[in-house]
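Step one of this worksheet: look at the structure below.
The values are calculated or read from the model by the stated rules, or taken from the named source; none is laboratory data. Just so we're clear, the structure is a prediction, and the values are computed from it rather than from any experiment. Backbone-built Cβ (ideal geometry, glycine too); neighbour counts: all protein chains shown.
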Amino acid sequence: MVVGRITIAGAVMLAVAQAWAEPTAKAFVDRQTVGVGVPFALRIETNGDIDQVKLPEAPGLEIDPRSPSRSRREQWQFGGGRRTRIVTVEAGYRCVARQEGRITIPPIEVTVAGTVVHTQPVLLNVIGSGRGPSPARTTNTRQAQAVRNAPDGAPQRQLTWDDTVFLESEVDKQEVYQGEPIALTLRLGELRLRGLSIKTVRGAENLPSTEGFYATSPVKEAVATQYNGYPYEVTVIQQTLYPMATGALQVGAWHWEGVGSEGVFGPQHALSEDVPPIDITVKPLPPRPADFSGAVGRLSFRAELLSDRVIQGVPTTLVVSIRGRTNPDAIAAPKTPEIDGAFVSDPDKQMIEVDTPEGPGVEKSFSYTITPLEAGELHILPISFCYFDPVEETYKTASSQAFVIQVTPSVDSGTRVLVTAGMPSTPGAVAVLGEDILPPCAAPGDLRRARTAGASTPAVLATPVIAYCGLALFMRRRRRFERDIAFARDHRAKAIGHKRLRGVARADAPAQELYKAVTGFIADKFNVAPGGMTSSDAERLLVEAGADSNLIEGFRRILRACERAQYGGTQLSEDEVGALTSAAGNVIDTLDALLKKGRGR
Amino acid sequence: MSGLVCIVLLLGSNVYTDTFERAVQAYEADDYGTAIQLYEQLVAEGVEDPAVFYNSGNAYYRNGDIGAAIANYERALQLAPRFENARENLDKAVRDTQQRLSKPLPSVWEQSLLFWHYGMKRSTTYRIAAVLWCLFWGVLALRQWRPLRYTRRAALLLAVLGGAFAASAWAKAHPVTLAVAHAESVPVRYGTHDDETLRFELRAGDRVTVDRRQGGWARVTTVDGERGWVHEDAMMFVGPPYLPPPSAVDVGEEAVE
C-alpha cells in the first residue's frame with residue numbers, strides 16, 4: 001500500500017517535473033557557411049514562450065531586429081510508457097554578413113517564461129559573395145565569376161557584354177526525404193548602368209522544370225546590389241519544392257535570352273545564359289506508422305473549439321490546424337472525432353500561406369462542425385496527428401488536449417429535424433428528411449444486343465466517294481468527247497467502220513458503201529474530211545502513220561477494187577463483196593490496234 | 001435463312017425482355033440483390049440499353065451501393081443524354097455522397113466546339129454525320145453533272161456541318177474514361193505503390209477521370225484538377241466495357257482517416 005502511494009507520488013512529481021522543465025534556449029543558423037551580403041536566417045528555439053530577446057552585436061554581422069518570424073508547436077512524445085508534452089517556440093531573424101572570415105555570434109540572452117537563459121554561441125564561416133556557400137548551386141560561371149571574382153570596390157577591369165547578365169540556380173539540400181521541403185533560389189542579375197539597356201526575351205518567366213516535385217508558386221523579389229564595383233539588379237525567385245517520388249530527381253536547366261544595347265540607337269547584342277540542372281536524391285521514408293498522415297516537415301499542430309457552451313442542436317466548430325513547411329496536398333485530415341450524442345461532419349478544408357522561420361510555409365485547417373443532439377456534457381477525445389520530421393529523421397505524433405462541450409437543452413426538445421446526408425440514425429431523436437429516387441422503367445422497349453462496329457462505317461464513308469469518283473471520270477470523258485472532235489472520231493472510228501461494213505451486203509451499191517466505210521474509218525482515225533478521199537490519199541496517211549507495207553497494201557487493194565467497181569462499170573459478185581468486207585474488217589482492226597499501240601508507246 | 005435469323009433475334013429479344021421484367025419484379029419486391037444480378041446478367045449478355053443501366057442504378061442505390069448506382073446512372077446518360085429520370089436520380093445519388101464532387105468537365109476544346117452536342121445520342125450524331133457526308137458528295141456530284149449556282153457554298157456548308165457531327169460522333173465514341181469510387185474510402189497516392197505518400201482521399205460515389213492505367217493502378221483526376229494514383233479495384237469504370245462493380249475491394253493500406 002505504502003509502496004503504491006510512493007510510486008504514484010513519484011509519477012506525479014516526475015510529470016510535474018516534465019511539465020515545469022528548466023527553460024532552455026538554442027540558437028541555429030540555417031547555413032554554417034554564408035556569403036558576404038547573402039541573407040541567411042538565425043533561429044532561436046526555446047521550450048517555452050519567449051518574453052524578450054536581447055540580440056548581441058557581432059563584428060561584421062547585421063541582425064535585423066524588426067518583425068522576427070515566430071512559431072509555436074506542441075506535441076506529445078511517447079516513450080518508456082510515458083507521455084511527454086513538448087512545447088517548442090521559435091523566433092527567426094534575418095541576418096547579413098558584411099565581412100569575410102569567421103564570425104562568432106555570442107550567446108543570446110532570451111527571457112523564457114520569466115526566466116533569463118542564454119543560447120550557446122554560434123560559429124559562422126563567411127566567404128566571398130561570389131563563391132557562394134550553398135551545397136548545390138549551378139551558375140553560368142563565365143558571367144557570374146567574371147563579374148564577382150573580386151571584392152566589392154572599384155571596377156577592376158573593362159566590362160564586356162558577358163558581364164551584363166548572370167544566372168544562378170541554387171537548392172539548400174540535394175539529399176532529402178520524400179516530401180521534405182527544398183528551397184530553390186534562382187537569381188537573374190542584370191547590370192544597371194546609365195545608357196545600358198537589357199531586355200529579357202525569354203527566361204524570366206520560363207523557370208526550370210520541376211517535374212517530380214510539388215512546387216509552390218514562385219515568389220519574386222528585385223534586389224539592387226553591387227558586384228565588383230558595378231551596380232546590378234538581381235531578381236531573386238524563390239520556390240519550395242516537395243519531392244513526390246523517390247530516387248533521382250532533377251531541377252531542370254534554366255535558359256535565359258535577352259537583348260542588350262547601349263543608348264537608344266546603339267547596336268543590339270543578343271545575350272543568352274544557361275545554368276545546368278541540379279540533381280536531387282530523394283530517400284524513401286522509413287517504415288510508416290499506421291496513423292501517419294502523409295505530412296513531412298517540421299510542423300506545429302493546434303486544435304481549437306470555437307465554443308464550449310452550446311444549445312442542443314446548435315452546431316459548434318472544432319478547428320484543427322497544421323502549420324509549417326510541408327506539401328499541403330500531402331496533409332490528410334485527422335481522423336474525424338467520434339462523439340457520443342453528437343453528429344460530426346466531415347471536415348471543411350482551408351489552406352493559407354504563412355511565413356515560418358525556415359521560409360514560406362502553409363497552414364492547413366480542418367473544421368469539423370459538431371451538432372449536439374442531446375443535452376449534457378459532450379467529451380471530445382484528444383485528436384492526434386502523426387507526421388515525419390526530416391531533421392530528426394523520426395515520426396512524431398502531435399496531439400490536442402481533450403475538450404468538453406456543455407450542451408443545454410433546447411426549448412423545443414424532442415424530435416429535431418435535420419436535413420443532411422450520411423447522418424447516423426438516432427431513433428427518436430433525429431429524423432432524416434430525405435427525398436426518394438424516381439422509380440425504375442417498367443417498359444424498356446426493344447431490348448437487343450449491342451451491335452459491334454463492323455464494316456458499316458467504312459462502307460458508309462467509301463460509297464459516296466466511290467460513286468462520286470465514278471461520276472467524275474464519266475463526266476470528264478464525256479466532256480472530252482464534246483470538246484475534242486479528233487478524240488471522239490478516233491474513239492468511234494472502229495465501231496462506225498464495222499457498222500458500215502455490216503450494211504455493205506444489203507446496199508444497192510456495195511462497192512460504194514464499202515469504199516465509204518474504209519475511207520470513213522481512215523478519215524475518222526486521222527481526223528480529216530472523208531469527202532473526196534482517194535486510195536492515194538489513204539495510202540499517204542497510212543505511210544505517215546508508220547503502217548507496215550502489208551497493211552497499206554491491204555487497204556490499197558480493197559480501195560482499188562471498189563474504185564474499179566465504181567468507175568470501171570464492173571459489178572462485184574456477192575462472194576467478192578463478202579471477201580472484201582471481211583478483208584476490210586481485218587485491216588480496220590489491225591490499223592486500229594496499230595494506232596492504239598502507237599499512242600500507248 | 002433470313003427467316004431463321006429473324007426468329008432467333010425475336011426469341012433473343014423475348015429472353016432479354018423476360019429477364020428485364022423479372023428484375024423489375026424483384027426490385028418491386030424489395031429483392032434488390034436479385035434485381036442487380038438480373039440486370040448485370042443482361043449487361044453481361046451484351047444488352048446495352050439506357051433503361052437497363054438506369055434500373056440497375058436504382059437497384060444499387062436501394063442496396064446501399066452508391067458508387068455502383070452513380071456509375072450506372074452515368075452509363076444510362078452516356079447512352080441517352082436526355083434521359084431525365086436518370087439525370088434526376090444521378091443528382092440525388094451525388095447529393096448523398098460525402099464530398100458531393102462534381103463530375104470532371106470535358107476538355108476545353110470539346111466544351112468550346114461541341115457545346116451543342118451534349119443532348120444528342122451517339123447514334124444520332126453518327127447518322128446525321130453520315131447523311132451530311134453523303135449529301136456533301138451528292139452536291140459535288142451534282143456540280144459535276146451540271147454546275148449550278150450555290151453548289152460550292154452548299155458543299156462547303158455540308159462539309160462544315162458534316163465535320164462537326166463527325167467530331168461529335170468521334171467524341172461520343174471515345175469519351176474520357178470516367179470512373180466512380182466504389183469503396184467507402186479510396187486513398188489517392190502520389191505513385192503506384194501502397195508506400196507512396198497519400199495525396200487525398202476519394203469517397204464512395206466520387207467521379208474522376210482516368211488517363212492512365214498500369215499494374216492494377218489508375219491515375220485519376222478530380223474536377224479540381226487534383227491528380228494521383230488509386231487501386232483499380234476500388235473504382236468502377238463507367239465504360240464501355242460495362243463491367244460489374246468489383247465485389248471484393250482491397251484498397252491496400254488503410255486510409256489515414
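Considering only residues of the range A:256-291 that are assigned to a loop (DSSP other than H, G, I, E, B) and within 14 Å of another protein chain (Cβ to nearest Cβ), which is nearest to A:Glu168 (Cα to Cα)?
Going through the range A:256-291, the residues assigned to a loop (DSSP other than H, G, I, E, B) turn out to be A:263-267, A:276-277, A:284-291.
Going one step further and asking which of them are within 14 Å of another protein chain (Cβ to nearest Cβ), we end up with A:284-291.
On the way: A:Pro284: 29, A:Leu285: 30, A:Pro286: 34, A:Pro287: 37, A:Arg288: 37, A:Pro289: 40, A:Ala290: 42, A:Asp291: 41 Å.
The qualifying residue nearest to A:Glu168 (Cα to Cα) is A:Pro284.
Checking A:Ala332 against (1) more than 13 Å from chain B (Cβ to nearest Cβ); (2) touching a residue at least 24 places away in the same chain (Cβ under 8 Å), which test does it fail?
(1)
Are there any strands (runs of 3 or more DSSP E) wholly within the range A:324-415 with 3 or more residues that are in contact with a strand residue (DSSP E or B) (Cβ under 7 Å, 6 or more places away or on another chain) and crowded, with 17+ Cβ neighbours inside 10 Å, and if so which? Step through it out loud before you land on a result.
Values: elements: A:342-344, A:348-356, A:359-372, A:376-380, A:384-389, A:394-399, A:403-408.
Because the criterion is at least 3 residues that are in contact with a strand residue (DSSP E or B) (Cβ under 7 Å, 6 or more places away or on another chain) and crowded, with 17+ Cβ neighbours inside 10 Å, the strands (runs of 3 or more DSSP E) in the range A:324-415 that meet it are A:342-344, A:359-372, A:384-389, A:394-399, A:403-408.
Criterion first (buried (at least 18 other Cβ atoms within 10 Å of the Cβ) and under 30 Å from A:Asn327 (Cα atoms)) does A:Ser217 satisfy it? It would help to see each step written out before you state the result.
On the way: buried (at least 18 other Cβ atoms within 10 Å of the Cβ): no; under 30 Å from A:Asn327 (Cα atoms): yes.
So A:Ser217 fails the test.
Given the criteria at pLDDT 80 or above and assigned by TED's automatic domain parsing to the domain that holds A:Val319, does A:Ile370 qualify? Please lay out each step first, then the result.
Details: at pLDDT 80 or above: yes; assigned by TED's automatic domain parsing to the domain that holds A:Val319: yes.
Taking the combined requirement at face value, the residue satisfies it.
Just to be sure I understand, how many residues within the range B:223-245 are within 14 Å of chain A (Cβ to nearest Cβ) and surrounded by fewer than 20 Cβ atoms within 10 Å (Cβ to Cβ)? Walk me through it before giving the result.
Initial filter on the range B:223-245 (within 14 Å of chain A (Cβ to nearest Cβ)): B:224-229, B:239-242.
Now narrow it down to the ones that are surrounded by fewer than 20 Cβ atoms within 10 Å (Cβ to Cβ): B:224-227, B:239-241.
Number of matching residues: 7.
Cβ-Cβ below 7 Å, separation at least six or inter-chain, first residue in the range A:513-542 and hydrophobic (A, V, I, L, M, F, W, C), second in a loop (DSSP other than H, G, I, E, B) and surrounded by fewer than 18 Cβ atoms within 10 Å (Cβ to Cβ): which pairs?
These pairs meet every condition: A:Ala523/A:Ala529; A:Ala523/A:Pro530.
Out of the residues in the range A:542-556 that are crowded, with 18+ Cβ neighbours inside 10 Å, closer than 13 Å to A:Lys525 by Cβ and of a type in the set (A, V, I, L, M), which is modelled with the highest pLDDT?
A:Leu542
The conditions are (1) hydroxyl-bearing (Ser, Thr, Tyr); (2) more than 12 Å from chain A (Cβ to nearest Cβ); (3) surrounded by fewer than 18 Cβ atoms within 10 Å (Cβ to Cβ), and B:Ser123 fails exactly one of them. Which is it?
(2)
Would you mind finding the one in A:Arg492, A:Arg502, A:Arg476 that is part of a helix (DSSP H, G or I), outside the structural domain of A:Gly568 (by TED's automatic domain parsing) and among the charged types (D, E, K, R)?
Working: A:Arg492 fails: outside the structural domain of A:Gly568 (by TED's automatic domain parsing); A:Arg502 fails: outside the structural domain of A:Gly568 (by TED's automatic domain parsing).
When all the criteria are applied, what remains is A:Arg476.
Can A:Ala295 be described as in contact with a helix residue (DSSP H, G or I) (Cβ under 9 Å, 6 or more places away or on another chain) and hydrophobic (A, V, I, L, M, F, W, C)?
Details: in contact with a helix residue (DSSP H, G or I) (Cβ under 9 Å, 6 or more places away or on another chain): yes; hydrophobic (A, V, I, L, M, F, W, C): yes.
Here the answer is yes, as A:Ala295 does meet what is asked.
State which residue pairs qualify: first residue more than 7 Å from chain A (Cβ to nearest Cβ) and inside the range B:46-57, second residue assigned to a loop (DSSP other than H, G, I, E, B) in any location, beta carbons under 7 Å apart, and separation of 6 or more residues or different chains.
Filtered contacts from the range B:46-57: B:Pro50/B:Ala80; B:Pro50/B:Phe83.
Please enumerate the residues belonging to the range B:152-189 that are touching a helix residue (DSSP H, G or I) at 6+ places or on another chain (Cβ under 8 Å) and within 12 Å of chain A (Cβ to nearest Cβ).
Of everything in the range B:152-189, those that are touching a helix residue (DSSP H, G or I) at 6+ places or on another chain (Cβ under 8 Å) and within 12 Å of chain A (Cβ to nearest Cβ) turn out to be B:Ala155, B:Leu158, B:Gly162, B:Ala166, B:Ala169, B:Ala173.
If we keep just the residues of the range B:160-176 that are surrounded by 17 or more Cβ atoms within 10 Å (Cβ to Cβ) and in contact with a Lys or Arg (Cβ under 8 Å, 6 or more places away or on another chain), which is modelled with the lowest pLDDT?
Of everything passing the filter in the range B:160-176, B:Lys172 is modelled with the lowest pLDDT.
Working only within the range A:298-315, note down all residues that are in a strand (DSSP E or B) and more than 19 Å from A:Pro337 (Cβ to Cβ).
Taking the range A:298-315 first, the residues in a strand (DSSP E or B) are A:299-305, A:309-311.
Passing the criteria: A:Leu299, A:Ser300, A:Ile311.
Against the definition (surrounded by 15 or more Cβ atoms within 10 Å (Cβ to Cβ), aliphatic (A, V, I, L, M), in a strand (DSSP E or B) and within 13 Å of another protein chain (Cβ to nearest Cβ)), how does A:Ala295 come out, yes or no? Steps first, please.
Values: surrounded by 15 or more Cβ atoms within 10 Å (Cβ to Cβ): yes; aliphatic (A, V, I, L, M): yes; in a strand (DSSP E or B): yes; within 13 Å of another protein chain (Cβ to nearest Cβ): yes.
Against the criterion (surrounded by 15 or more Cβ atoms within 10 Å (Cβ to Cβ), aliphatic (A, V, I, L, M), in a strand (DSSP E or B) and within 13 Å of another protein chain (Cβ to nearest Cβ)), A:Ala295 qualifies.
Within the range A:83-116, can you find the residues that are hydrophobic (A, V, I, L, M, F, W, C) and either farther than 26 Å from A:Gly324 by Cα or outside any strand (DSSP E or B) (or both)? Walk me through it before giving the result.
To start, the set of residues in the range A:83-116 that are hydrophobic (A, V, I, L, M, F, W, C) comprises A:86-87, A:89, A:91, A:95-97, A:103, A:105, A:108, A:110, A:112-113, A:116.
Scanning the range A:83-116 gives A:Ala97, A:Ile103, A:Ile105, A:Ile108, A:Ala113, A:Val116.
From B:Asn85, B:Asn63, B:Asn72, grab the single residue that is surrounded by 24 or more Cβ atoms within 10 Å (Cβ to Cβ), modelled with pLDDT of 90 or more and not basic (Lys, Arg). Talk me through it step by step, then tell me what you get.
On the way: B:Asn85 fails: surrounded by 24 or more Cβ atoms within 10 Å (Cβ to Cβ); B:Asn63 fails: surrounded by 24 or more Cβ atoms within 10 Å (Cβ to Cβ).
Of the residues listed, the single one that is surrounded by 24 or more Cβ atoms within 10 Å (Cβ to Cβ), modelled with pLDDT of 90 or more and not basic (Lys, Arg) is B:Asn72.
Which members of the range B:95-115 meet the condition of being away from chain A (no Cβ under 14 Å) and touching a residue at least 60 places away in the same chain (Cβ under 8 Å)? Walk me through it before giving the result.
At the first step, the residues of the range B:95-115 found to be away from chain A (no Cβ under 14 Å) are B:102-115.
Matches in the range B:95-115: B:Ser102, B:Lys103, B:Pro104, B:Leu105, B:Pro106, B:Ser107, B:Glu110.
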